[in-house]
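Report on one structure; see the data block that follows.
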Amino acid sequence: MNKKEFMEKLDKALAGIPKDEKKEVMRDYEEHFSIGLEKGRTEEEIAKSLGDRASLAKSIKAEYTITRAKREPGIKNIFRATIAVAGLGLFNLIFVLIPLIIAVELLFAAYIVAVVFIAVPFLILVYPTSVTILSGDTPTWMVVAGFHIIGGILLVVLLYITKGFYRLILAHLQMNVKIIRGE
Amino acid sequence: MNIQIKKGVIEVCVFAILSKKDCYGYELAETISKHVKISEGTIYPLLRRLTKEGYFTTYLRESSEGPPRKYYKMSKQGIEYKKSLSKDWNDLTKGVNELIEECEKDE
């Protein structure tokens, strides 16, 4: 592989990262080639010593998406970062994507519980016969209000957990990139 | 060499070299290659990350031949980090060497 081929393949593999960032990365390799040539090496030798450009591109992309997710937090960016890191290997797919999916599912289930609890009074109003509350000696309205309040508290707690969870995922992703960096 | 080990080693090497003088990417790759077998391309993502994290700053300097070269210079934060990294590395290699020696003695 000569310089032109290497640069073209790297350029293609870096699709998706912004122009400025890409230009910087390409510049670095351009510089590497020109110094190597000055020192009397051939383009083929230099390309070979640089290593596999597909895995280079993957790690450059993963680093970039994580930096962006840190700077501009959002579900979309986090998700992109997760996919980019997962793309670095099966090991990472198991250690990054699967914990994320399980955690998101658990959170989702907890949100449903909270919403249903909050909705208990309304459910009873709309479908008085279909909802049975086993309240024993406690007045029904108290149990219903209890559900409503507990649901509200649960929702607030969940919002805090979601925030913390978001930070945790970011830290987890960064740790993963540290482990696999340079690949 | 195991790829995970190598990645950590390259980082240690980069900090060691840059604590002595400012270097451009090619120079770093060349110096490390003399001692450790590496894929030279991996040095650039590493340098980008460490620069973004504030350990290095960069500047361009014209060369007598060819395009200007991007030099990497260690920041204050980088110097501090280098100290702890070198210590970690020395502790690690000392410990592992001791262990290997002990095991070989037992044979």
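The values are calculated or read from the model by the stated rules, or taken from the named source; none is laboratory data. Keep in mind that this is a model prediction, so the values were computed, not measured. No Cβ is skipped: glycine too gets one built from the backbone with ideal geometry, and neighbour counts run over all protein chains shown.
One residue is enough: does segment B:12-20 have a residue meeting the conditions within 8 Å of chain A (Cβ to nearest Cβ), without any contact (Cβ under 8 Å) to a residue 40 or more places away in the chain and charged (D, E, K, R)? Don't jump to the end; show me each part of the working.
Initial filter on segment B:12-20 (within 8 Å of chain A (Cβ to nearest Cβ)): none.
No, segment B:12-20 has no match at all.
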- Residues A:Glu45, A:Glu38, A:Glu31, A:Glu72: which one is buried (at least 16 other Cβ atoms within 10 Å of the Cβ) and either more than 8 Å from chain B (Cβ to nearest Cβ) or under 25 Å from B:Pro67 (Cβ atoms) (or both)? A:Glu31
- Item | Unique match (being in contact with a His (Cβ under 7 Å, 6 or more places away or on another chain) and either at pLDDT 90 or above or surrounded by fewer than 18 Cβ atoms within 10 Å (Cβ to Cβ) (or both)) among B:Tyr55, B:Tyr81, B:Tyr26 | B:Tyr26
- In segment B:42-71, the residues that are within 21 Å of A:Arg53 (Cβ to Cβ), free of Cβ contacts under 8 Å to residues at least 12 places away in the same chain and either among the small types (Gly, Ala, Ser) or in contact with a Leu (Cβ under 8 Å, 6 or more places away or on another chain) (or both): B:Pro45
- Query: Any residue at all in segment B:51-63 that is facing another protein chain (nearest Cβ under 10 Å) and out of contact with any strand residue (DSSP E or B) (no Cβ under 7 Å at 6 or more places or on another chain)?
  - Reply: yes
- Test B:Tyr26 against the stated conditions and say whether it is more than 7 Å from every other protein chain (Cβ to nearest Cβ) and touching a residue at least 12 places away in the same chain (Cβ under 8 Å). no
- Hey, among the residues in segment B:64-107 that are among the hydroxyl-bearing types (Ser, Thr, Tyr) and within 13 Å of chain A (Cβ to nearest Cβ), which one's farthest from B:Phe15 (Cα to Cα)? B:Ser64
